[in-house]
1. Where the only charges are on Cβ atoms (+1 Lys, Arg; -1 Asp, Glu), what is the dipole of the stretch 18-85 about its Cα centre, to the nearest 20 debye?
2. Per Stokes-Einstein, at 4 °C and 1.567 mPa s, what whole-number D in µm² s⁻¹ belongs to the stretch 24-85, with the Kirkwood radius over Cα pairs as the hydrodynamic radius?
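No value in this document is a laboratory result; all are computed from the given coordinates. The model shown is predicted, which means the values in this text are computed figures rather than measured ones. Don't worry about glycine lacking a Cβ; one is built from the backbone with ideal geometry, like all the others, and counts go over all protein chains shown.
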Amino acid sequence: DERTTPPPTTTTPATIVDVDVVSDVMCPWCIVGRENLRAAARRVGVRVRVRWHPFFLNAAIDAERGWTRDEYFLANYGVPAGGAR
């Protein structure tokens with residue numbers, strides 16, 4: 001999935017920087033990093049084209065079947081997803 005940041009507010013063409021990001025979709029720090037990357041690109045006046053690659057924080061999860069949210073919460077927190085509120 002390739003996405004780009006909005007162009008900077010200048011009249012000159014923006015430089016495009018390709019960035020490969022290895023990220024876990026459930027990692028909140030990856031979201032913080034994405035927002036920091038966007039802010040930095042705006043600050044220096046470049047467009048960033050990001051190519052996202054998966055990283056699995058829990059390699060024990062079956063890649064073919066996965067886990068339900070309840071299975072994950074039970075294995076990691078001892079309660080089903082609804083009980084963690």
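1. Magnitude of the dipole: close to 560 debye.
2. Value of D from the Cα-based Kirkwood radius: 91 µm²/s.
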